[in-house]
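First up is the structure itself, then whatever we jot down about it.
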Amino acid sequence: KHVKARRWTYKDKSIALSLMHSSPKTYRLLRSILDLPSPFTLKKIMHNIKVYPGFNENILKALEMKLSNTNETEKLVSICIDEMAIKEGVTYDSVRDLIEGFTEGLEHTNHLCNHAIVLMVRGITTKWKQPIGYFLTSGPMSGNEMKTLLLQCVDELKSIGLTPVVTILDQGSNNRNMVEKHLCVTSDKPYFVHDGTKIFIMYDPP
């Protein structure tokens, strides 16, 4: 490294990264006034964070540390699930020595993926939200697979001390299939029980 190059502490870069994610335009303005790390420096940090399909253990551990000293009310969370269509394509990941672009998450197959389903956790009494995992599928995920994924998500959250109390999703046919057929949720019983935890189902508010 250049002898005159600026050395940034981890705390400096963490604060700068938060500012840049809040507003890249504002960050560029602040850099013209203050001595802050370049966007390239901050992007190099992000490249070191490996995010692959499935539940991200690093994110879950970070949540556990962040919320370890909070009270039980602040540990109440909602699970938000959303699925989207993505473009098919393959790339080579040199780190994992793997061709990416096939279904991955619940299982790795030789089918090209064209859908991604994301699970995000959000505080109910506190203002924060964090995606904790995503899965790549060929076509929309079936209701039975979604049930497996949801129950696994509940177990992951309970293992780090969080208490999921509601799941929020849209009214796609596979979501309704999971809710009505596999979880047996009805308008009279708008919840299911998993391992002693009662979790309500709520469709996206208009």
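Values for this structure:
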item	result
Around Ser38: net Lys/Arg minus Asp/Glu count, Cβ-Cβ under 13 Å	+4
Residue-span extension gain [Leu151 to Cys184] - 0.36 nm each, minus C-alpha spacing	10.5 nm
Percent antiparallel among DSSP beta bridges (both partners in the chain, rounded to 5)	75
Environment charge of Glu104, counting only residues whose C-beta is closer than 13 Å and scoring Lys/Arg +1, Asp/Glu -1	-2
Extent along principal axes [Cα atoms of segment 61-147; Å; largest to smallest]	45, 32, 19
Hits among lysines - C-alpha to C-alpha of Lys13 under 27 Å, sequence gap 8 or more where chains match	Lys1, Lys4, Lys25, Lys43, Lys44, Lys50, Lys61, Lys66, Lys127, Lys129
GNM result for the chain, Cα springs below 10 Å: residue of Leu112, Leu63, Leu34 fluctuating most strongly	Leu34
Label assignment, Cα extents along the principal axes in Å derived from the structure, set (1) 67, 45, 32; (2) 58, 36, 36; (3) 63, 50, 23	(1)
Approximate spin-label separation Lys129-Lys50, in nm, with each point projected 7 Å along Cα-to-Cβ	2.9
Full-extension gain in nm, Ala5 to Asn71, via 0.36 nm per residue minus C-alpha separation	19.4 nm
Segment 83-142 and segment 1-65: distance between their alpha carbon centers, rounded to Å	24
Total formal charge among the other residues, if their Cβ is under 14 angstrom from that of Ser94, Lys/Arg +1 and Asp/Glu -1	-1
Computed Kirkwood radius, in angstrom, where 1/r is averaged over Cα pairs of segment 1-105	17.8
Computed [θ] at 222 nm, helices only, for the chain once each DSSP H run of length n ≥ 4 contributes -39500 (n - 2.57)	-9000 deg cm²/dmol
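Quick note: the coordinates plus some simple rules give every number you see, no bench work behind them. Not measured: the values here are computed from a predicted model. Don't worry about glycine lacking a Cβ; one is built from the backbone with ideal geometry, like all the others, and counts go over all protein chains shown.
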